[in-house]
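Q: My questions all concern the structure below.
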Amino acid sequence: MRTTTLPDSLTLHVPLRLVRRGGRKAVVLPQDTPAPRPRLDNTLVKALARAFRWKRMLDAGEVATIAELAQRERIAPSHLSRVLRLTLLAPEIIEAILDGRQPPGLVLEMLREAFPPEWHQQLEWLRHHVG
């Protein structure tokens, strides 16, 4: 029977850097590192869920106006309007976010700002702004 002695500790060096994305720290690995499994951005997913819930409430007549909905949700109407615009995103972008396949640089703050109305323009806009 062969016995092997194991070291008491092991040191592993992983080249990485930390960056801020949407108010959170994210780990960026070297370019030649295999792509990690998709990771959901909970902030984006929650914002999409809220946007579609609010749209459903407006469409169903539960509330008559954005101002009424904002009052019910206890948020500013301007914030509600910016989040509500997420319902206008191209289906490919929404699916990518829900599957965790969105571009790494895509953050909610980008989507709350103006983006093109047409779906094919949105995809180009993302390629240009997020890379």
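The values are calculated or read from the model by the stated rules, or taken from the named source; none is laboratory data. Everything numeric here is computed off the predicted structure, so don't read it as measured data. Virtual Cβ from ideal backbone geometry, glycine too; neighbours counted across all protein chains shown.
Q: For P91, are the conditions met, namely being more than 19 Å from P117 (Cβ to Cβ) and either at pLDDT below 95 or not aromatic (F, W, Y) (or both)?
A: No, not satisfied.
Q: Would you please list the contacts, defined by Cβ atoms under 6 Å and residues six or more apart or on different chains, that run from a residue in the stretch 113-129 that is free of Cβ contacts under 8 Å to residues at least 24 places away in the same chain to a residue that is of a type outside the set (F, W, Y) and surrounded by 13 or more Cβ atoms within 10 Å (Cβ to Cβ)?
A: P116/Q122; W125/P116
Q: Out of R17, R21, report the one residue that is at pLDDT below 95 and touching a Gly at 6+ places or on another chain (Cβ under 9 Å).
A: R21
Q: Looking at L58, L48, L80, can you tell me which residue is within 26 Å of P116 (Cα to Cα) and touching a residue at least 40 places away in the same chain (Cβ under 8 Å)?
A: L48
Q: I need a count of the residues in the stretch 115-130 that are within 16 Å of the chain's Cα centre (by Cα), among the hydrophobic types (A, V, I, L, M, F, W, C) and farther than 20 Å from P38 by Cα.
A: Qualifying residue count for the region: 2.
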